[in-house]
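Take a look at the structure below.
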Amino acid sequence: MNTITPILKPLTLPNGAVLKNRLLMAPMTTCAGFFDGGVTGDLVEYYRSRAGTIGTVIVECCFIDPKGPAFPGAIAIDSDNKIPGLARIASAIKSKGSKAILQIYHGGRMVEPELIGGKKPVAPSAIAAPREGATTPQALTGEEVEVMITKFGDAVNRAIKAGFDGVEIHGANTYLIQQFYSPNSNQRDDKWGGSRDNRARFPLEVLEITHKMAKRFADSSFIIGYRFSPEEIEVPGIRFDDTMYLLEKLAARGVDYLHFSVGHYLRTSINDTADTTTLIEKYHAQRSDTLARIPIIGVGGVVNKSDAESALDKGYDLIAVGKACIAYPDWADRILKNEHLELFIDSTQREALTIPEPLWRFSLVDAMIRDVSSGGRKYKAGVFQEKVEAEALKLKINVTLDTDRITDITLVQDDTLDVDFSTSFEILRSRILVANSPYVDAVTGATAQSEALKKAVSRAMTTSTKEHVIEEGGNPEAPQSYDVVVIGSGGAGLSAAIQAYDEGARVVIVEKMPSIGGNTIKASVGMNAAETRFQKLKGIEDSKELFYEETLKGGKFKNNHDLLRTFVERAPEAVEWLASHDIELNDITITGGMSIDRTHRPADRSAVGGFLISGLVKNINQRNIDVLLDTSVEEILHADGVVTGVKIANEYNEHHILNAKSVIVATGGFSANRAMVVKYRPELDGFVTTNHKGATGSGIVLLQNIGADTVDMSEIQIHPTVEQTTSYLVSEAIRGGGAILVSQEGKRFYNEMETRDKVSAQIIALPEKSAWIVFDDQVRQNNKAADEYIARGFVVSAPSVGELALKLNMEPGNLQATLERYNQFVVQKQDEDFGRTTALRCELNQGPFHAIRIAPGVHHTMGGVTINTETEVLDSQKQVIKGVWAAGEVVGGIHGANRIGGNAVADIIIFGTLAGHNAAVHALS
Ligand code: ADP
């Protein structure tokens, strides 16, 4: 072991306790406690395996009061019965030779009512945290504040009894102690609020009682630390000089260390972003002699020995390490042996690394997990240069690849270019490196540039793979073999690929467009399913039977009964399948043609498509599933009645063969193929389409070429609410959220919640062949999509109904009367004019008022190839074509003559996963 490094120098704290070296394991949320905050066996082993060479382990924050847990699975020190469990952790750490410190906290207003039995959280003032959906807490009375301090004292006493070497007072992360010090969350006018001294009173009293307890029940070596967040972004909020003020006070009272709570040990100010001085430099410049005697811990961004040494060099006395300690339980041993470490975790090693299951799913850890078991793609190590071109952007990047991963992406310096892309580039670069895949979410507001950059990285990877194959003496042009080829990267293709992979198949996805997501990425409203867990949680009573009947009625009784039955039966499982892949659709709304809230969407009510694709792609990345972009399948290879693979053409029009026993066709519909639409429905000539360019129906043709039959080809849905200048679809969630449709005359003309075909027909029947979708600000607030429409610039808004009417060139009296009459229907829950029975959500009376001009556009092709309930493709004799499955919009029959909003997303997941399963079983049999 290298003893020259300053990392190994022991440190004597102000109270005389000696830390054997400068390394600490940072306190990190594991979410691995029992429901009541008790300690689980997994947690004890997690800490045991990480103690040893590391000098000190700071155990994750422990809540001191039943109203204190800030996240599910938090551990507690709120009663004496928690002592034995905590004692097991302390003893596990100490038995390995490290010091054990326990962090104590109360979440205050950061606590969600569902974590505390539906009760209201408490805080210094009745002010909700500045985040969407935050609950307004109850302000603690003066007496309750005093009691709270004694509870911190009790917690310290329990920590001593449990055998800890010290406690860390958690004054950071916007929890209760910070809430008292912050002028944002503390607006009290008693002795606990107002002036800075008053706001500092609570943290100081907590420190005071900690000292008292330590003095009474522990020996003098009991360590007392304090963790703080140096700044708040809010106005008003804690600024760095406020922090220095508090730290001086804490130091004057006596504390054994101070612990910065930041994401990186070299962080600069979040308030003054122009200031490039690091906070640690500022701290050194401003601190008094008293403060200088208190050791300071830095945290964030330490992975290798050089990072730790650099942090000490920058003026920290101690280094706390988070993620690296999760990924490497023996982290300290490794860095001291000068091993070079990278922050990633082999997906098969959870148990070997003693990482509790809930922590494994925690986003920080999740982002480090890599599937290395699949072998994955192999690259020729080196730097590969690629062009990135999108709109005005023209630049070059260097992609550095190791044999199995991307290690860096840099912009090639070019002084002739004035690119305002650096921020987006940095965001994307880090997303790509974290995911170790080019398939990551685009940066909002820079979509085209993001896609171009992702494509360039993917191209570099392809070149390098080719070079690797050549280096190994292989022929990159030779046919490649997989178990399952999936054609199309929409929701159906991605879910099929994930399922097939999880059942052991080697899978490749072929996508003809330059990016992943197909038309699914544009899906807005949600995913229908009846009798789901999320419906039950919300007290919504529903039945599969009713879902079946309403879909059948919506489809004009033309739906294939067997497929529809399978669809309805498997829908709740599909919602659970998504949830188990970290794609939770737990908010619920309604769409036209349904009588019950059964459209599942993301908790933040954002459009389902982007959320779904982003979640599915994350799963694809974790599994290292190959994706070939800009590559079309031109032919499904077929010999003696059995599918043998596909012929593909890449962007350079080079042709290759992919051998596979199973092929899944998930190529979507044909709404964007004008000729094909007009062939089946001549009257739709000239209609805009809501679909992406790739919706050309090529999969139908590929399958017809090997004998597949089709059904319902002339059943083409037009969506009633499409903004015509952009072809942008105005989601049904807006009507489902309470909006109405009015004509140019300013009058309602139909039940807005009728099925899409009927609403479309009524709009086309208006003299102006278009209508206005009108809603108030309440509807906007409840539907994130509305803000997107505003951002896209096609929403007309005005403070009052009259002003809105004028802007729409409409008779103000008419619109006023229409809204008043509609509002009356909302109150009486009965629409006397058009019989609307659902989504009479709220009176439209909160300005500003909004309107979008809409008309129908080609939206969905219900027709497609024929399949059986196992997604096997059928020929015209209803015989199975061996080795090929189809799922998603390429299939006909499920939706009959009209697809209900929310049923397409259900369709792709239900039949996509089923196709993936069957294709894998077949290939591996
Ligand atoms: P679904 O909703 O059924 O999953 P999507 O429209 O979302 O359908 O996705 C289908 C994807 O298939 C699109 O991204 C489209 O570009 C792709 N695709 C269509 N035809 C081909 C083809 N011949 N080769 C490769 N990809 C294709």
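The values are calculated or read from the model by the stated rules, or taken from the named source; none is laboratory data. Worth saying up front: this structure is predicted, and the values here are computed from it rather than measured. Glycine also receives a Cβ, built like all others from the backbone with ideal geometry; neighbour counts cover every protein chain displayed.
Filtering 83, 4, 54, 64 for residues that are in contact with a Cys (Cβ under 8 Å, 6 or more places away or on another chain) and not charged (D, E, K, R) leaves a single hit, 54. Pairing residues of region 692-708 that are in the same structural domain as residue 872 (by TED's automatic domain parsing) with residues that are more than 6 Å from the ligand (Cβ to nearest atom) and part of a helix (DSSP H, G or I), at Cβ distances under 7 Å and at least 6 apart in sequence or on separate chains, gives 692/522; 697/676. Here residue 675 fulfils each of the conditions (1) crowded, with 18+ Cβ neighbours inside 10 Å; (2) farther than 23 Å from residue 908 by Cα; (3) within 16 Å of the ligand (Cβ to nearest atom); (4) among the aliphatic types (A, V, I, L, M) apart from (1). When region 657-668 is filtered for residues that are closer than 24 Å to residue 498 by Cβ and either within 13 Å of the ligand (Cβ to nearest atom) or in a strand (DSSP E or B) (or both), the ones remaining, listed by number, are 658, 659, 662, 663, 664, 665, 666, 667, 668.
The single residue among 317, 313 that is assigned by TED's automatic domain parsing to the domain that holds residue 51 and exposed (fewer than 15 other Cβ atoms within 10 Å of the Cβ) turns out to be 313. Could you say whether any residue in region 366-376 is part of a helix (DSSP H, G or I), of a type outside the set (A, V, I, L, M) and buried (at least 16 other Cβ atoms within 10 Å of the Cβ)? Looking through region 366-376, none of the residues is part of a helix (DSSP H, G or I), of a type outside the set (A, V, I, L, M) and buried (at least 16 other Cβ atoms within 10 Å of the Cβ). Where strands (runs of 3 or more DSSP E) sit wholly within region 566-641, those with at least 1 residues that are within 27 Å of residue 369 (Cα to Cα), within 14 Å of the ligand (Cβ to nearest atom) and of a type outside the set (Asp, Glu) occupy 626-628. Summed over region 624-669, the residues that are buried (at least 18 other Cβ atoms within 10 Å of the Cβ) and of a type in the set (Lys, Arg) give a count of 1.
Close Cβ contacts (under 9 Å, 6 or more residues apart or on different chains) running from residues in region 630-641 that are more than 14 Å from residue 485 (Cα to Cα) to residues that are basic (Lys, Arg) and modelled with pLDDT of 95 or more comprise 630/512; 641/882.
Looking across 433, 428, 453, one residue alone is of a type outside the set (Val, Ile, Thr), in contact (Cβ under 8 Å) with a residue 12 or more places away in the chain, in a helix (DSSP H, G or I) and surrounded by fewer than 18 Cβ atoms within 10 Å (Cβ to Cβ). It is 433.
The set of residues in region 642-651 that are away from the ligand (no atom under 15 Å from the Cβ) and within 17 Å of residue 478 (Cα to Cα) contains only 644. Assigned to a loop (DSSP other than H, G, I, E, B) and at pLDDT below 90 - does that describe any residue in region 357-364? Among the residues of region 357-364, at least one is assigned to a loop (DSSP other than H, G, I, E, B) and at pLDDT below 90, which makes the answer yes.
With respect to the stated conditions, residue 653 fails to be of a type in the set (S, T, N, Q) and in a helix (DSSP H, G or I). Among the residues of region 469-483, is there at least one that is more than 16 Å from the ligand (Cβ to nearest atom), of a type in the set (D, E, K, R), part of a helix (DSSP H, G or I) and surrounded by fewer than 19 Cβ atoms within 10 Å (Cβ to Cβ)? There is at least one residue in region 469-483 that is more than 16 Å from the ligand (Cβ to nearest atom), of a type in the set (D, E, K, R), part of a helix (DSSP H, G or I) and surrounded by fewer than 19 Cβ atoms within 10 Å (Cβ to Cβ). Checked against the criterion of being within 16 Å of the ligand (Cβ to nearest atom) and not aromatic (Phe, Trp, Tyr), the candidates 523, 530, 505 yield just one match: 523. Does residue 94 fit the bill of being charged (D, E, K, R), buried (at least 20 other Cβ atoms within 10 Å of the Cβ) and in a helix (DSSP H, G or I)? When the stated conditions are applied, residue 94 does not pass them.
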